[in-house]
Amino acid sequence: KHLEWYVYRNAVLLAAKTDCEAASDDVCKYLSHPHPRVREEAISALSHFRGKSAMLDFVPLLSDTDASVRRKAIALLARFQCRVPLFLSTLANSVKAGPGKPGAVPEPVALAALEAIKSVGVFESDGVDIRAPLLRNLDREDSKLKQWFKKKQKVVNDDRFRCAVLDTLAVIGDEAVATRLKPVLRDSSPPVRAKAAAAIKSIRERGKTS
């Protein structure tokens, strides 16, 4: 008999509460369950059981059809400071295009990727330093065509994403990045200007102690 998805989710929750490592193999099977909420819960439970050794089980979920599952996988892989090439390329691809731009991933996934980059640190993807696409995302795009595209995609304001980019650059940036951020101090958005100033200050203070 077909059971509702939440029955399987609850089974995973109960398995996690048992702290019985033998249950981890059963939980692992739920990573491919048809319902995304069950897959999400299985990620949390497997992380509880196996810790860092579960990383390779999560990597395939980076291409999951559900954005929430992808976001969960990204967050846990970042917690373990995973540097598997597929994970790094996923992070890079998730932040190459800001909200409303062609090829952009859902904003929650992009924001999760930015948080993950703080934990993982500087890396290269396809020979490109991850800081390069982050800096490009700070450029304003005011052409009528791009404004029309953003409107069609129902993106009213990308300041939240740009502020998150600046938070990430504050953690992984160097003096060259600080120099590149100076024009952002004249941005039309007050929150973006404030974040840019804070990022430059953070980078330079870190440089004094290194």
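The values are calculated or read from the model by the stated rules, or taken from the named source; none is laboratory data. All values derive from a computational prediction rather than experimental measurement. Note: areas computed on protein heavy atoms with side chains; ligands, DNA, RNA excluded. Shrake-Rupley method; radii C 1.70, N 1.55, O 1.52, S 1.80 Å.
Proximity of backbone amide H atoms, modeled 1.01 Å from N, is registered between residue 125 and 130 at under 5 Å, excluding neighbours fewer than 5 places apart on the same chain.
Please label the shape of region 1-122 as rounded, prolate or oblate, based on the square roots a ≥ b ≥ c of the eigenvalues of the alpha-carbon gyration tensor (a/c under 1.5 means rounded; beyond that, a/b larger than b/c means prolate, else oblate). The shape class here is oblate.
Can you work out the accessible area per residue across region 86-141, with the rest of the protein chains kept in place, probe 1.4 Å, in square angstrom? Before the final figure, lay out the partial values.
Working: 2190 Å² over 56 residues.
Per residue, region 86-141 has an accessible area of 39 Å².
Its DSSP H runs of at least 4 residues, each contributing -39,500 (n - 2.57), put the calculated 222 nm mean residue ellipticity of the chain at -19000 deg cm²/dmol, to the nearest 500.
Using a 1.4 Å probe on the protein chains only, how many percent of the accessible area of region 164-204 belongs to carbon and sulfur?
Values: 1120 of 1910 Å².
Exposed carbon and sulfur together represent 59 percent of the surface.
Candidate values (1) 130; (2) 147; (3) 157 were compared with volume of the Cα convex hull per residue in Å³ computed on the shown model; the agreeing label is (2).
Take region 1-43 with all the other protein chains still there, run a 1.4 Å probe, and you get 66 Å² of accessible area per residue.
What helices does the chain have that are whole DSSP H segments, at least 15 Å long along their own axis by Cα, and with mean Kyte-Doolittle hydropathy of 1.0 or more? Let's see the in-between values first.
Values: long enough: 5-18 (21 Å, 0.38); 36-50 (21 Å, -0.53); 67-79 (18 Å, 0.41); 85-95 (16 Å, 1.16); 107-120 (19 Å, 1.03); 159-172 (20 Å, 0.91); 190-209 (29 Å, -0.58).
Long hydrophobic helices here: 85-95, 107-120.
For region 1-106, the fraction of 1.4 Å probe accessible surface lying on carbon and sulfur atoms is 55 percent.
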